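Below: the structure, in structure tokens.
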Amino acid sequence: MRYVDGITTDAAIEPDNPLILGHAVHTGIEQGLEAAIHEYCFSYPIITDEHINEIIKLEKVIPLAQAAIEKGGEFEVEISNNDFHGFIDYLVPVGQRKVWHDAGGVNSVTGECFEYYTTEGTNEFDLYDFKYSNDVSGYKKSNQLHLYKYFYERDNPGKKIRDMYLVFIPKVKIRQKKTETLQDFRDRLKEELEKAEVKIVQIGFNMEKVVEFLFGIKAVYEEKDFLPAEKGYLCRFCEYQDFCEKGWDYFMRLPENKRRTIDEIKKRVIWIYGVPFCGKTTFANGFPDPLMLNTDGNIKFVDAPYILIRDEVKVEGRQTKRTLAWEIFKDVVAELEKKDNTFRTIVVDLVEDLYEHCRLYMYQQMGITHESDDSFRAWDKVRGEFLNTLKKLMNLDYENIILISHEDTSKDITKKGGDKITAIKPNLQDKVAVKVAGMVDVVARIVADGDSHSFCFKSNEVIFGGGRLKVNAKDIPLDVNALFAVYDEANKAAAHGEAVSTPAPAATPGRTTRKRTEPPAVASDKPQDGPKADQTEDKPPFEGKPVETATEGKAADFQDVPKVCDKDTYFYVPGADNYVLKHQGEEIPDGAVEITKEQFVEGGKRIAQEANPVDGAMNPPEAPAEEEKPRRKRKVRD
């Protein structure tokens with residue numbers, strides 16, 4: 001993480017951090033106690049009583065270490081070459097001899113000649129390494145001093161390391177008792193420090209330690225996979241220990257500020273729904289290497305491996321243990337997160353059953369029988385548990401994740417004119433369905449028209465669907481390869497920054513191109529159990545020029561570009577049979593026709609008259625009879 005990925009951690013805040021204390025001891029032996037305390041204090045953002053306790057220890061042990069070593073040496077001697085880089089803590093020359101010189105003249109008292117001497121150094125040195133630790137046996141196994149001797153002598157021909165020593169500065173480890181005050185603890189700490197002694201341990205050179213190190217470096221260069229991590233006693237000194245051993249992921253590295261190149265789609269996330277027996281499960285079975293997470297047991301005619309998501313009951317003697325289906329699903333998601341398998345596709349069949357299993361699980365957790373028993377919390381807690389767990393599944397690194405639901409046509413949509421239209425949507429609560437739709441690439445409906453089965457992308461006020469793919473296709477055959485082709489087409493369109501669309505027919509010269517009118521209703525526009533005959537649509541009260549709400553020449557199936565009014569404008573919306581006034585800056589409704597103020601007023605009167613017809617009349621008359629008093633009309637609403 002540090003050397004390859006360049007990831008760093010926050011500065012240490014523990015008062016007894018071994019790296020900070022060790023560096024302070026080194027500084028104190030070389031530069032003095034005052035420099036050591038200054039360095040230690042400025043390594044922390046704030047100083048507490050525990051930091052003062054550590055300073056008391058330093059004030060005692062640093063003078064002991066200074067007195068234990070030979071004088072006249074050199075601190076921090078660097079060894080740097082292509083194979084090794086390190087620093088010898090302390091290098092002391094040995095074997096110095098005195099060379100006397102005649103100064104001239106005679107001592108008048110003793111009659112002796114004046115002489116002086118100088119010292120001439122040899123090429124032999126003693127090596128010292130400081131350790132602020134009590135672990136003598138552990139450090140004696142280290143190869144550190146052996147490497148210093150080998151590489152120093154190699155880089156300095158003629159110079160020799162005579163002896164090597166480890167200087168152990170004692171580390172007093174006692175804790176404050178609950179029954180003693182801070183001052184009592186510090187008095188006891190000083191008593192323990194009076195017993196402390198510096199230990200100097202001589203280490204004999206071993207060439208095998210150097211060979212062992214070189215083979216280890218060779219293994220590091222050849223290693224490609226750094227998992228699993230190998231634990232050792234040195235891990236306790238590493239600031240990355242919690243990440244490796246506990247799995248803490250507290251690192252965040254921002255990506256490079258550079259646009260990505262979209263080459264291919266590596267993951268497909270799809271939500272499909274349809275009536276029973278329309279081929280949903282069979283279609284999902286055609287994906288590569290699938291794993292079915294099945295809730296209804298309908299897996300007899302597919303050959304994919306499966307896991308039944310249902311309650312498990314085990315009888316052990318007189319005890320009956322029940323594991324809820326939702327717990328099993330969470331265990332499956334946790335196992336899939338390990339990625340210790342060869343599956344490429346995960347299929348959830350059915351989503352609405354999972355939601356019901358989640359509800360029962362939360363009932364047990366909250367001690368209720370229905371959300372209304374705890375209406376302030378239960379609804380949100382059930383939805384939160386379901387969506388958070390499903391999100392874990394959707395974020396897994398598998399090529400294809402398929403959600404399957406049944407179709408629901410039990411609800412109607414009532415227009416302002418009173419007409420009712422059957423809504424077609426997945427069999428899931430609306431609030432949950434909208435959230436699930438936001439997790440997928442495409443919400444599509446499987447339509448069965450006789451022996452013909454198709455994959456429908458169409459989305460409107462009646463049909464729940466849509467997606468993020470920039471394609472012009474609305475219906476494709478119910479085939480996995482055909483769906484993959486749609487993804488490839490969308491990927492090419494995204495790479496070029498625009499949607500793929502078929503060329504529009506050339507407009508007649510001298511005439512304005514109008515928005516293409518909707519074709520007659522087909523099977524995909526109707527509920528599967530509805531009548532086969534196409535229903536006729538009411539003719540709008542007048543014709544006008546529809547306002548374009550999508551970029552000209554681009555497909556508007558999934559990525560419509562809304563337009564806004566540049567001034568206050570009146571519109572008629574044929575699909576909703578409604579008249580609206582949009583102010584400057586507001587979005588223009590889809591399919592709206594711009595009209596005049598007079599047409600807006602007349603249209604409002606028509607809607608008001610239709611809402612309050614004359615009693616006994618099948619259709620409202622164009623005008624009230626002369627002898628009849630006209631009914632009061634509603635004000636035209638904005």
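Can you name the residue in segment 1-45 that is small (Gly, Ala, Ser) and within 22 Å of Asp242 (Cα to Cα) and, of all such residues, is surrounded by the fewest Cβ atoms within 10 Å (Cβ to Cβ)?
The selected residue is Gly6.
Keeping to segment 12-52, report how many residues are part of a loop (DSSP other than H, G, I, E, B) and under 29 Å from Leu166 (Cβ atoms).
Total meeting the criteria: 9.
Under 9 Å between Cβ atoms, which residue pairs at least 6 apart in sequence (or on different chains) link something in segment 359-370 that is without any contact (Cβ under 8 Å) to a residue 40 or more places away in the chain and assigned to a loop (DSSP other than H, G, I, E, B) with a partner that is charged (D, E, K, R) and open to solvent by 70 Å² or more (accessible area, probe 1.4 Å)?
Hits for this filter: Gly367/Asp373.
Quick grid of which residues meet (1) at pLDDT 75 or above; (2) touching a Phe, Trp or Tyr at 6+ places or on another chain (Cβ under 6 Å); (3) open to solvent by less than 30 Å² (accessible area, probe 1.4 Å); (4) closer than 30 Å to Val471 by Cα:
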| residue | (1), (2), (3), (4) |
| --- | --- |
| Ala555 | no, no, yes, yes |
| Val561 | no, no, no, yes |
| Tyr570 | yes, yes, no, no |
| Lys605 | no, no, no, no |
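With the requirement that a residue be part of a loop (DSSP other than H, G, I, E, B) and either at pLDDT 80 or above or surrounded by fewer than 10 Cβ atoms within 10 Å (Cβ to Cβ) (or both), what does segment 227-252 give you?
Scanning segment 227-252 gives Leu227, Pro228, Glu230, Lys231, Gly232, Cys238, Tyr240, Gly247, Asp249, Tyr250, Met252.
So which pairs qualify, if the first residue must be in segment 183-196 and over 15 Å from Ile55 (Cα atoms), the second must be part of a helix (DSSP H, G or I) and at pLDDT below 95, the Cβ gap must be under 7 Å, and the two must be at least 6 apart or on different chains?
From residues that are over 15 Å from Ile55 (Cα atoms), the pairs are Ala196/Lys60; Ala196/Val61; Ala196/Leu64.
Report the residue count in segment 269-309 for those that are without any contact (Cβ under 8 Å) to a residue 12 or more places away in the chain and within 27 Å of the chain's Cα centre (by Cα).
0
Out of all the residues in segment 46-74, which are open to solvent by less than 50 Å² (accessible area, probe 1.4 Å) and touching a residue at least 24 places away in the same chain (Cβ under 8 Å)?
Across segment 46-74, the qualifying residues are His51, Asn53, Glu54, Ile56, Lys57, Leu58, Val61, Ile62, Ala65, Ala68, Ile69, Gly73.
Which numbered condition trips up Val333, out of (1) in a strand (DSSP E or B); (2) hydrophobic (A, V, I, L, M, F, W, C); (3) more than 19 Å from Ala433 (Cβ to Cβ); (4) in contact (Cβ under 8 Å) with a residue 60 or more places away in the chain?
Condition not satisfied by Val333: (1).
Can you give me the number of residues within segment 119-160 that are among the hydroxyl-bearing types (Ser, Thr, Tyr), surrounded by 16 or more Cβ atoms within 10 Å (Cβ to Cβ) and touching a strand residue (DSSP E or B) at 6+ places or on another chain (Cβ under 7 Å)?
6
Please go through segment 154-172 and give me each residue that is more than 18 Å from Ile62 (Cα to Cα), assigned to a strand (DSSP E or B) and touching a helix residue (DSSP H, G or I) at 6+ places or on another chain (Cβ under 8 Å), ordered by number.
Residues satisfying the conditions are Lys160, Ile161, Met164.
Could you give me the residue pairs with C-beta distances under 9 Å whose first residue belongs to segment 75-86 and is modelled with pLDDT under 90, whose second residue is surrounded by fewer than 16 Cβ atoms within 10 Å (Cβ to Cβ) and among the aliphatic types (A, V, I, L, M) wherever it lies, and which are 6+ apart or on separate chains?
Partner pairs satisfying both residue conditions: Asp83/Leu214; Asp83/Ile217.
Among the numbered criteria (1) touching a Pro at 6+ places or on another chain (Cβ under 8 Å); (2) closer than 23 Å to Asp577 by Cα, which one does Ser405 miss?
The number of the failed condition is (2).
Would it be correct to say that Lys209 is outside any loop (DSSP other than H, G, I, E, B), of a type in the set (D, E, K, R) and buried (at least 16 other Cβ atoms within 10 Å of the Cβ)?
yes
Name the pairs whose Cβ atoms lie under 7 Å apart, with the first residue in segment 208-226 and more than 13 Å from Asp83 (Cβ to Cβ), the second open to solvent by 60 Å² or more (accessible area, probe 1.4 Å) and not in a helix (DSSP H, G or I), and 6 or more positions between them or separate chains?
none
Return the residues of segment 283-314 that are in contact with a helix residue (DSSP H, G or I) (Cβ under 9 Å, 6 or more places away or on another chain) and loosely packed, with under 10 Cβ neighbours inside 10 Å; say none if nothing qualifies.
Phe301, Asp303
Can you go through Gly279, Gly317, Gly274 and tell me which one is over 22 Å from Leu360 (Cα atoms), small (Gly, Ala, Ser) and open to solvent by 50 Å² or more (accessible area, probe 1.4 Å)?
Gly317
Go through segment 321-343 residue by residue and tally those that are in contact with a Leu (Cβ under 9 Å, 6 or more places away or on another chain) and open to solvent by 50 Å² or more (accessible area, probe 1.4 Å).
3
If a residue must be open to solvent by 30 Å² or more (accessible area, probe 1.4 Å), of a type in the set (A, V, I, L, M, F, W, C) and over 47 Å from the mean Cα position of the chain (by Cα), how many such residues does segment 180-200 contain?
2
Can you confirm whether segment 161-179 contains a residue that is closer than 17 Å to Pro93 by Cα, open to solvent by 40 Å² or more (accessible area, probe 1.4 Å) and of a type in the set (S, T, N, Q)?
no
Could you identify the single residue in Arg188, Arg175 that is out of contact with any Ser or Thr (no Cβ under 9 Å at 6 or more places or on another chain) and not in a loop (DSSP other than H, G, I, E, B)?
It is Arg188.
Looking only at strands (runs of 3 or more DSSP E) that lie completely in segment 393-444, which have at least 2 residues being surrounded by fewer than 19 Cβ atoms within 10 Å (Cβ to Cβ), at negative phi and modelled with pLDDT under 90?
Here the list reads 412-414, 420-422.
The values are calculated or read from the model by the stated rules, or taken from the named source; none is laboratory data. In this text the structure is predicted, and so the values were computed from the model without any measurement. As a convention, Cβ positions derive from the backbone with ideal geometry for all residues, glycine included, and neighbour counts pool all protein chains shown. Ligands, DNA and RNA are stripped out before the accessible areas are found, and what is left, the full protein with its side chains, is counted by its heavy atoms. Shrake-Rupley method; radii C 1.70, N 1.55, O 1.52, S 1.80 Å.
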